[in-house]
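K.L.:
I'd like to ask some things about the structure below.
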Amino acid sequence: MKKRYKHIVLLLVGSLLLGGCDWFGHHHRQDSGMSQPIEQNITQETTRPEDNVTTTPQSVDTNETQTEDNNNSYDDNETQTIPTNEVDTTQQEITQPEDNTTTTPQSVDTNETQTEDNTTTSDTNTTDTNDTSVTEGNDENTTQQTNTEIKALKLTIQKSTLNKDTNTTLKVEALYKNNTKEDVTTKVEWIIKPNDAIEIKGDTLIAKKDTNVTLQAKLDNKTSNPITLHIYWKVNNHTLPPEPDPKVNNATLLGVDVNDNGVRDDVERWIYNKYKDKHPIHIDIAMQAGRAYNQLLKSPLENSTQAKAIHKKCIAPIACEAYYQIYAKYFNEPLLVTEEINIGYFQKFYFNTPRRKELYNKYSRLLSGGMYSTPKIGEGKNLCDFNVSVYKD
């Protein structure tokens with residue numbers, strides 16, 4: 001009995017500590033089979049949602065009571081009784097944390113969803129901004145291209161007539177649709193006819209061939225105004241005739257002589273080009289030989305008398321050359337000829353077609369077997385058919 005009363009006292013003290021209620025009412029409900037689910041709920045740790053503090057139901061005393069009740073089977077059912085109010089409170093505490101636990105992931109999902117929505121909105125706004133920028137940029141580019149489209153090209157040149165191997169300055173100016181101007185001389189493509197007559201480096205034009213030249217500039221499918229250049233060739237103040245057409249020049253014995261100076265034009269140009277850097281007397285002597293050979297081509301050469309008359313004219317430039325190359329120093333005059341005028345090569349160049357060669361060979365045959373005297377050393381000067389007085393100094 002003492003032991004039973006001891007148990008009863010302990011249970012009463014536990015009930016007062018847990019909230020205070022009728023021990024017998026709980027004991028009656030325990031006997032009716034309601035204690036098992038309550039025991040399971042009591043053994044769980046719960047968290048109050050108000051202060052998030054973990055509260056462990058005071059089951060220590062009950063466990064001690066249960067341990068002692070193991071020695072007495074009669075006391076087992078009585079030692080597990082818990083007041084009803086405490087059970088309800090425990091159930092609420094358990095349910096609320098579960099609700100909080102469930103609610104927290106939902107809140108996270110909502111935030112993530114909002115974040116994704118914001119990100120999507122931001123991307124959409126960015127895309128719209130970019131599209132607008134691209135559109136505005138395209139409009140600006142289109143306007144800029146329109147404004148910088150070339151309206152016209154203007155070609156000007158400092159000199160339109162110039163000597164061969166000399167140069168001049170040219171300029172190409174672009175007029176745009178926005179009425180601005182730009183120097184585009186170094187950007188254009190050149191249209192040159194004939195294309196070997198000039199050379200252009202930057203804004204410098206170099207005359208390479210004496211002829212008439214048509215020049216235009218081209219840029220972005222726009223072509224400038226045409227300019228006609230007249231390029232001549234002057235050596236020692238003598239303007240040379242243009243290069244003749246070979247077919248026309250070689251169609252006759254005499255060939256083309258546009259300046260009518262007694263020397264075929266292609267021969268005259270060859271002489272001046274070969275001796276332009278020598279003393280001018282070289283050109284004078286070579287031109288004298290050209291006039292003599294021209295007389296040969298004009299002569300019918302029907303007999304030796306005619307051939308001997310041509311021979312005197314052809315030997316005169318040779319005697320003139322010998323004087324100023326060898327004998328002038330004996331007469332206190334300078335030796336002006338420093339390079340031999342190759343009469344042999346000159347003859348081949350002058351008689352350059354079958355008909356001209358045939359006539360020269362006839363001339364040689366008519367002279368063969370004859371006796372011919374050479375001029376005296378002092379007479380060579382007098383055989384020059386040009387004004388030698390200009391070369392005294």
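K.L.:
Out of the residues in region 193-215 that are more than 31 Å from the chain's Cα centre (by Cα) and not in a strand (DSSP E or B), which is surrounded by the fewest Cβ atoms within 10 Å (Cβ to Cβ)?
P.N.:
209
K.L.:
So residue 279 fits all but one of (1) in contact with a Leu (Cβ under 8 Å, 6 or more places away or on another chain); (2) surrounded by 19 or more Cβ atoms within 10 Å (Cβ to Cβ); (3) farther than 30 Å from residue 247 by Cβ; what number is the exception?
P.N.:
For residue 279, the failing item is (2).
Conditions (1) modelled with pLDDT under 95; (2) within 12 Å of residue 219 (Cα to Cα), marked per residue:
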| position | (1), (2) |
| --- | --- |
| 172 | no, yes |
| 178 | yes, no |
| 190 | no, yes |
| 196 | yes, no |
| 203 | no, no |
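K.L.:
To continue, here is another question. Give 268, 243 a once-over and let me know the one that is acidic (Asp, Glu) and farther than 25 Å from residue 340 by Cα.
P.N.:
Selected residue: 243, the only one of 268, 243 that is acidic (Asp, Glu) and farther than 25 Å from residue 340 by Cα.
K.L.:
Right, another one. When you scan region 258-271, how many residues do you find that are surrounded by fewer than 22 Cβ atoms within 10 Å (Cβ to Cβ), of a type outside the set (Asp, Glu) and either outside the structural domain of residue 317 (by TED's automatic domain parsing) or free of Cβ contacts under 8 Å to residues at least 40 places away in the same chain (or both)?
P.N.:
Residues in region 258-271 being surrounded by fewer than 22 Cβ atoms within 10 Å (Cβ to Cβ), of a type outside the set (Asp, Glu) and either outside the structural domain of residue 317 (by TED's automatic domain parsing) or free of Cβ contacts under 8 Å to residues at least 40 places away in the same chain (or both): 5 in total.
Table: residues versus (1) surrounded by 14 or more Cβ atoms within 10 Å (Cβ to Cβ); (2) touching a residue at least 40 places away in the same chain (Cβ under 8 Å); (3) of a type in the set (Asp, Glu); (4) part of a helix (DSSP H, G or I).
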| position | (1), (2), (3), (4) |
| --- | --- |
| 305 | no, no, no, yes |
| 310 | yes, yes, no, yes |
| 324 | yes, yes, no, yes |
| 358 | no, no, yes, yes |
| 377 | yes, yes, no, no |
| 389 | no, no, no, yes |
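K.L.:
Confirm whether residue 274 is at pLDDT below 95, part of a helix (DSSP H, G or I) and either out of contact with any helix residue (DSSP H, G or I) (no Cβ under 7 Å at 6 or more places or on another chain) or crowded, with 19+ Cβ neighbours inside 10 Å (or both). Even if it seems obvious, please write down each step before you answer.
P.N.:
Values: at pLDDT below 95: yes; part of a helix (DSSP H, G or I): yes; either out of contact with any helix residue (DSSP H, G or I) (no Cβ under 7 Å at 6 or more places or on another chain) or crowded, with 19+ Cβ neighbours inside 10 Å (or both): yes.
Judged against the criteria, residue 274 is a match.
K.L.:
Look through region 360-375, keep the residues that are part of a loop (DSSP other than H, G, I, E, B) and hydroxyl-bearing (Ser, Thr, Tyr), and return whichever of them is nearest to residue 285 (Cα to Cα).
P.N.:
The qualifying residue nearest to residue 285 (Cα to Cα) is 374.
K.L.:
Any residue that is over 60 Å from the mean Cα position of the chain (by Cα), part of a loop (DSSP other than H, G, I, E, B) and not assigned by TED's automatic domain parsing to the domain that holds residue 161 - is there at least one of those in region 278-299?
P.N.:
yes
The values are calculated or read from the model by the stated rules, or taken from the named source; none is laboratory data. The shown structure was predicted, so the numbers you read here are calculated from the model rather than taken from an experiment. Cβ atoms come from the backbone with ideal geometry, glycine included; neighbour counts cover every protein chain shown.
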